[in-house]
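Working notes, beginning with the structure itself.
The values are calculated or read from the model by the stated rules, or taken from the named source; none is laboratory data. Computed from a prediction, not measured in an experiment: that's the story for all the values here. Positions of Cβ are backbone-derived with ideal geometry, glycine not excepted, and every protein chain shown enters the neighbour counts.
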């Protein structure tokens with residue numbers, strides 16, 4: 001691209017600005033300041049602009065609770081609720097530039113409070129509601145937030161998940177907090193601290209129905225979002241208002257081809273960047289109708305998601321490969337019981353999707369007619385970086401390949417010396433030029449920002465994912481570089497091994513981890529979930545081992561294959577490989593408070609003990 005700044009200026013003009021920018025990009029490596037001098041507001045772009053476009057009565061959010069309760073908010077309804085909350089927050093003392101921590105379940109108020117913060121120039125910091133009190137306290141203390149918003153409780157597979165009591169525990173070690181706003185949701189009894197805690201009803205009593213949106217600078221932070229911290233201290237990723245909104249709006253249209261009839265459902269929680277970009281700011285900026293669902297794909301039964309797609313006429317469905325593989329494990333009966341003909345585009349996010357899951361998603365859920373948009377991006381990138389682009393042109397799809405870099409994205413695969421690899425050779429994925437959606441910095445730690453992302457390959461943003469670029473220019477992302485095994489001097493990505501494992505017709509899911517070995521350094525073990533109806537056996541174990549050897553070579557021979565019915569995952573669907581590594585190393589699993597189902601750890605431990613006794 002000869003004129004990237006001119007290109008991004010054209011994309012930025014598709015939004016509505018209170019004041020145009022003076023300079024498209026101020027690039028002082030590695031810090032980028034996009035659209036300097038420009039002024040805009042995220043809440044205005046997602047709400048007021050849609051009202052002016054005649055969408056007042058159009059549904060903005062369909063919400064479905066796990067227990068079957070539901071709400072639908074038009075754009076006019078959402079606008080009114082956001083303004084009332086913004087007025088209440090301002091009266092509470094929240095000012096432009098203040099950090100507000102949100103610890104909420106998947107209810108409409110999650111989006112309402114995000115947009116209300118943006119309206120008055122406050123910086124929202126959403127903390128995933130599955131995180132512990134300590135994780136919440138760490139994020140509050142790092143930002144020195146004075147305000148927290150939570151709910152009485154959430155719902156998960158028929159259980160009540162305490163949220164307010166978790167906040168109370170966290171606040172015992174967070175002296176900066178002045179007020180807690182509590183949203184009623186499940187009706188459980190909670191304790192309210194006089195002078196500190198405020199109900200949503202109290203917050204919005206006798207408030208204004210309209211608040212003038214703050215004209216914030218394009219470089220004003222819109223939000224801080226912390227990475228999970230599985231590989232170290234959580235990083236507070238800071239995203240700007242202007243650059244983030246320009247990039248996410250464009251990327252969203254390119255990848256999902258939204259129109260006025262779109263009903264968009266992203267199954268991610270707002271506690272992750274996918275929820276920020278693909279539940280709130282992306283679809284609402286385009287005036288789409290968004291479906292938000294509180295529950296899981298398999299409760300009360302395995303048909304829940306397909307029933308919701310049929311009920312609401314979902315046209316674009318965006319979910320994770322982990323969820324797809326879990327549902328695929330149970331065959332075609334459940335989706336076949338529902339009318340999925342409204343679907344037009346399918347999306348995959350969170351990790352690379354293996355070809356077997358891609359084909360099932362494409363053929364069983366999309367009836368072979370819906371393109372599968374496999375998106376590669378990170379918390380740090382703001383939105384999709386590599387993906388198929390039905391919103392621009394329909395290119396050939398390659399199962400297992402993320403696709404081509406989006407317009408304006410200069411992606412490259414580097415070897416250990418920082419040189420581009422030949423096509424077909426594995427290396428580290430990096431980005432050569434700044435882009436508007438990139439993070440501004442790590443909150444309160446500019447040195448960590450430099451070190452983490454820009455020091456290994458000077459001049460390049462280091463994504464720290466393994467990838468291969470093929471001869472057609474398509475990128476095949478192979479997973480995190482920090483999730484690698486080194487066996488007899490050979491560096492192997494866990495995802496490569498897992499993809500080889502699930503390419504066997506008897507296996508639905510797999511996790512590959514390394515355990516200490518006195519000779520090899522690390523030995524490979526695999527935890528595998530058989531397809532429904534498949535019985536585990538010593539013969540199947542040997543068949544899987546041979547299958548992996550054949551696919552990847554003799555050096556990749558598992559020392560053991562453990563059969564389990566489920567893998568330990570976080571509530572966001574990430575496989576907790578560190579837990580499995582601990583189990584297979586005969587060590588305590590460590591903190592498991594963010595797991596979806598702790599019973600999966602016990603099952604993995606039993607599988608390990610059982611096989612050990614047989615050998």
Original post:
Out of all the residues in the stretch 336-344, is one or more in contact with a helix residue (DSSP H, G or I) (Cβ under 9 Å, 6 or more places away or on another chain) and buried (at least 23 other Cβ atoms within 10 Å of the Cβ)?
Top reply: no
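Output the number of residues of the stretch 6-16 satisfying the condition of being within 26 Å of residue 46 (Cβ to Cβ) and free of Cβ contacts under 8 Å to residues at least 40 places away in the same chain. Talk me through it step by step, then tell me what you get.
Looking only at the stretch 6-16, we keep the residues that are within 26 Å of residue 46 (Cβ to Cβ), and these are 7-16.
Those left that are additionally free of Cβ contacts under 8 Å to residues at least 40 places away in the same chain: 9-10, 13, 16.
Qualifying residue count, the stretch 6-16: 4.
Do you know which of the residues in the stretch 1-24 that are over 24 Å from residue 279 (Cα atoms) and touching a strand residue (DSSP E or B) at 6+ places or on another chain (Cβ under 6 Å) is surrounded by the most Cβ atoms within 10 Å (Cβ to Cβ)?
Going through the stretch 1-24, the residues over 24 Å from residue 279 (Cα atoms) turn out to be 1-7, 9-10, 18-24.
Right, trim to touching a strand residue (DSSP E or B) at 6+ places or on another chain (Cβ under 6 Å) and you get 5, 9, 18-19, 21-23.
On the way: 5: 14, 9: 16, 18: 13, 19: 12, 21: 20, 22: 11, 23: 13.
Result: 21.
For the stretch 382-397, enumerate the residues that are in contact with a strand residue (DSSP E or B) (Cβ under 8 Å, 6 or more places away or on another chain) and under 29 Å from residue 502 (Cβ atoms).
Residues satisfying the conditions are 384, 385, 386, 387, 388, 389, 390, 395, 397.
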Original post:
What are the residue pairs meeting all of these: first residue in the stretch 182-204, first residue assigned by TED's automatic domain parsing to the domain that holds residue 103, second residue modelled with pLDDT of 95 or more and surrounded by fewer than 19 Cβ atoms within 10 Å (Cβ to Cβ), Cβ atoms under 6 Å, and 6 or more apart or on different chains?
Top reply: 182/199
Subject >> Hey, residue 249 at pLDDT 95 or above, in contact with a strand residue (DSSP E or B) (Cβ under 9 Å, 6 or more places away or on another chain) and under 24 Å from residue 10 (Cα atoms) or not >> reply: no
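Condition test on residue 478, is it in a helix (DSSP H, G or I) and under 30 Å from residue 556 (Cα atoms)?
Numbers: in a helix (DSSP H, G or I): no; under 30 Å from residue 556 (Cα atoms): yes.
In short, no.
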Original post:
Which of (1) surrounded by 24 or more Cβ atoms within 10 Å (Cβ to Cβ); (2) at pLDDT below 95; (3) not assigned by TED's automatic domain parsing to the domain that holds residue 236 does residue 361 not meet, given it meets every other one?
Top reply: (2)
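Which residues, taken from the stretch 453-466, are free of Cβ contacts under 8 Å to residues at least 60 places away in the same chain and on the phi < 0 side of the Ramachandran plot? Write out each step before concluding.
We begin by selecting, within the stretch 453-466, every residue free of Cβ contacts under 8 Å to residues at least 60 places away in the same chain; these are 455-458, 460, 462, 464, 466.
Within the stretch 453-466, 455, 456, 457, 458, 460, 462, 466 meet the criteria.
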Original post:
If you go through the stretch 249-295, how many residues are in contact (Cβ under 8 Å) with a residue 60 or more places away in the chain and assigned to a helix (DSSP H, G or I)?
Top reply: 20
Subject >> Residue within the stretch 427-440 that is buried (at least 16 other Cβ atoms within 10 Å of the Cβ), free of Cβ contacts under 8 Å to residues at least 40 places away in the same chain and either under 22 Å from the mean Cα position of the chain (by Cα) or part of a strand (DSSP E or B) (or both) present >> reply: yes
**OP:** Being touching a helix residue (DSSP H, G or I) at 6+ places or on another chain (Cβ under 9 Å) and farther than 17 Å from residue 100 by Cβ is the filter; apply it to the stretch 148-164 and report the residue that is surrounded by the fewest Cβ atoms within 10 Å (Cβ to Cβ).
**Re:** 152
**OP:** Return yes or no: is residue 605 within 30 Å of residue 271 (Cβ to Cβ) and in contact (Cβ under 8 Å) with a residue 40 or more places away in the chain?
**Re:** no
**OP:** Run down 538, 530, 518, 558 and say which single residue is surrounded by fewer than 13 Cβ atoms within 10 Å (Cβ to Cβ) and modelled with pLDDT of 90 or more.
**Re:** 538
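For the structure I just gave you, tell me whether residue 507 is free of Cβ contacts under 8 Å to residues at least 40 places away in the same chain, surrounded by 20 or more Cβ atoms within 10 Å (Cβ to Cβ) and more than 27 Å from residue 427 (Cβ to Cβ).
Answer is yes for this residue.
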Original post:
Within the bounds of the stretch 321-335, is there any residue that is part of a helix (DSSP H, G or I), assigned by TED's automatic domain parsing to the domain that holds residue 253, touching a residue at least 24 places away in the same chain (Cβ under 8 Å) and closer than 28 Å to residue 496 by Cβ?
Top reply: no
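Residues 83, 96: which one is surrounded by 23 or more Cβ atoms within 10 Å (Cβ to Cβ) and touching a residue at least 40 places away in the same chain (Cβ under 8 Å)?
Working: 96 fails: surrounded by 23 or more Cβ atoms within 10 Å (Cβ to Cβ).
Sole residue among the options that is surrounded by 23 or more Cβ atoms within 10 Å (Cβ to Cβ) and touching a residue at least 40 places away in the same chain (Cβ under 8 Å): 83.
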**OP:** Please give the number of the condition residue 58 fails out of (1) within 30 Å of residue 262 (Cβ to Cβ); (2) surrounded by 19 or more Cβ atoms within 10 Å (Cβ to Cβ).
**Re:** (2)
